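J.: What follows is a single structure, and I will ask about it in a moment.
Just so it is clear, none of the values below were taken in a lab; they were calculated from the coordinates. Note that this is a predicted model, so its numbers are computed, not measured. For neighbour counting, all protein chains shown are included, and Cβ atoms are generated from backbone atoms with ideal geometry for every residue, glycine included.
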Amino acid sequence: MKQRWTKEQIWEWYDARPWMRGCNYMSADCANRIDQWQSLGWEERFATTETELRLMQETGFNTVRLIIEYAVWKEEHDFFLEHFDRYLALCAKYGISCMITLANDCMPPKTELWKPPYVGEQTYDWGYHGGKKHSQHSTMHTGPAPHFYLDEEESREDYFKMVREIVTLHREDERICVWDVYNEPGNSRRTDVTLPNIKRLFEIVRECDPIQPLTAGVFHIKGDENTPLEPCEQFALENSDIVSYHFYRDYEEHIRVIKRLKKEGRPILNTEWLGRCLHNTVFDLFPLFYLEKIGCYNWGFVAGKYQTYEPWEGTWSRWAQGTEVDVDFTKWFHDLYRPNHRPYDPREIELIKRFCAIADEDFKRESEERK
C-alpha cells in the first residue's frame, strides 16, 4: 500500500489481532539507546533482555515500542542489522510484536555541555530522568534543539538511507507490527525545521511499500478541540494509517483527548503514557484503554540505569517555579517493576493481568464468532 490505508483497511488489520498492550522498552542495564543496540556489552544486555521479556510475557503484554539509534547503524552497520534481527526474534519467542520508531525529536537543548551521541562506554548521572542531568526533559530549550543527524544535509541523507534500508529489509516481517515514523515530531522547539523531514520520511517509508501500517504520534494535543495542533503534528495525524498519541495527564483530560481523536474514525494507539506523579496511573488508564480498545504502551518496564522512575527535570523546575503544583513526588514516574523484578506496586500488576486475560477472552470469542 503505497498510500494511506483506508479506514476500512486499518480497522480490518486492527480487529484481526488481540488488544495491543505493552511498553516502551530497553533493558534495565542500558544507560541509553546506544547501549541497547551497540556491540559493547551486547551479549550481557541481551541476556537481561530475555529475562525481562519472559517477565513481560507473564505480565500479559504482547508488544513493545523500540526506538532505533542512527549512531550504532552508522558506526557498526553490519552488527546492528544482524542484532536488530536477533532482537525481533527474541521478542517473537515470547509472543511480543515490535513497533519500530524511526526518527525522534525529543532532543536535549544545545548548551556548553551538549555533545552528539557516540558508540562506546556510556555514562549516566544518578538521580535524573533518562540518566542525564542536562537532558531533553529539562526546561532549558530557548530555541530549536539541535538534531544529532537531521540538521546537516550529509547526515540527513544518510539517515534517510538508514530508514529506507531497515524498512526495505523488514517490509514483510510480521514480527514488526507498526512503523512509528517519527517520535514527537516538532518537540524541543523544532516544529518549523521538522515539517520537511517528517514529510520526507513518510514518503520514504511509503515507497518501501511495507505490509505494516504507519503512524506518528501527536503529543501536544489538548482535550479542547479549539486548540490546534502544530503543523508537523497535524501532518502526522492526517498521514498516519493508525492514530497514535502521547499523554501524561490525568483521567478526565485523557477522556477529552480520546473523544477528540475518535473523530478521526481510525483505531487509536497511546504510544506513551504512565506518569504517576502527574496522576496518570495504571488504575485509571489501563481499564480505560481496554474499554475503548486503545492499544497502549506505557513508558518503561524494569527500573534501571535510565532512571525513568524519576520525574522529568522539567517537572521539578515547574514545581520550584510554582507553575505546576499538583505533583505527587511520593510516587515513581514511569516503570512497572523494581530492579529485583518485584512489582513497584503489586496491585498494578494484578490489574494489568486481569484486563489482559479479559481482552484475550474477548478476542477468542470474537474470532470464533467471525468464523
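J.: In square nanometres and to one decimal, what's the mean projected area of the convex hull around the Cα atoms of the range 1-157?
T.: If you wrap the Cα atoms of the range 1-157 in a convex hull and average its projections, you get 12.1 nm².
J.: How do the peptides 253-261, 148-156 rank, highest first, by the average count of neighbouring beta carbon atoms within 10 Å per residue?
T.: Averaged packing, sorted descending, gives the order 253-261, 148-156.
J.: Got a sec? Charge dipole of the chain, +1 on Cβ for Lys and Arg, -1 for Asp and Glu; which of F355, I10, Q122 is way out at the positive end?
T.: Going by the Cα projections, it comes out as F355.
J.: Measure out, as a whole number of angstrom, how far apart the alpha-carbon centroids of the range 287-316 and the range 207-228 sit.
T.: Using only Cα atoms to place each centre, the spacing works out to 19 Å.
J.: Which percent, to the nearest 5, of DSSP beta bridges fully inside the chain are antiparallel?
T.: The antiparallel fraction comes to roughly 5 percent.
J.: If each residue of separation counts as 0.36 nm, what is the full-extension length gain between W114 and A89 once their alpha-carbon separation is subtracted?
T.: In short, 5.5 nm is gained.
J.: Would you calculate, for the chain, the mean residue ellipticity at 222 nm contributed by helices, counting each DSSP H stretch of 4 or more residues as -39,500 (n - 2.57) and dividing by all residues, to the nearest 500?
T.: -13500 deg cm²/dmol
J.: Taking the Cα centre of the range 56-95 as origin, work out the dipole magnitude from +1 charges on Lys and Arg Cβ and -1 charges on Asp and Glu Cβ, in debye rounded to 20.
T.: Charge dipole, the range 56-95, about its Cα centre: 220 debye, nearest 20.
J.: Can you give me the C-alpha center-to-center distance between the range 318-371 and the range 67-139, rounded to a whole angstrom?
T.: That distance is 24 Å.
J.: Would you please put 97-110, 282-295, 167-180 in order of how densely packed they are, using the mean number of other Cβ atoms within 10 angstrom per residue and starting with the highest?
T.: Top to bottom by mean Cβ count within 10 Å: 97-110, 167-180, 282-295.
J.: Okay, moving on. Based on Cα positions only, what radius of gyration and what Dmax would you give for the range 7-370, in angstroms?
T.: For the range 7-370, the Cα radius of gyration and maximum Cα-Cα distance read 19.3, 62 Å.
J.: Holding the Cα-Cα limit at 26 Å, pick out from K2/K259; K199/K222; K161/K199; K7/K161; K7/K364; K132/K199 the pairs that are longer than that.
T.: In this structure, K2/K259; K7/K161; K132/K199 exceed 26 Å between Cα atoms.
J.: Now a separate question. Given the peptides 267-276, 186-195, 357-366, arrange them by the average over their residues of other C-beta atoms within 10 Å, most packed first.
T.: My ranking of the peptides, most packed first, is 267-276, 186-195, 357-366.
J.: At q = 0.11, 0.12 Å⁻¹, what is the base-10 log of I(q)/I(0) for the range 153-306 according to the Debye formula with one equal point scatterer per Cα and no solvent? Please give it to two decimals.
T.: These q points yield log10 I(q)/I(0) values of -0.47, -0.56.
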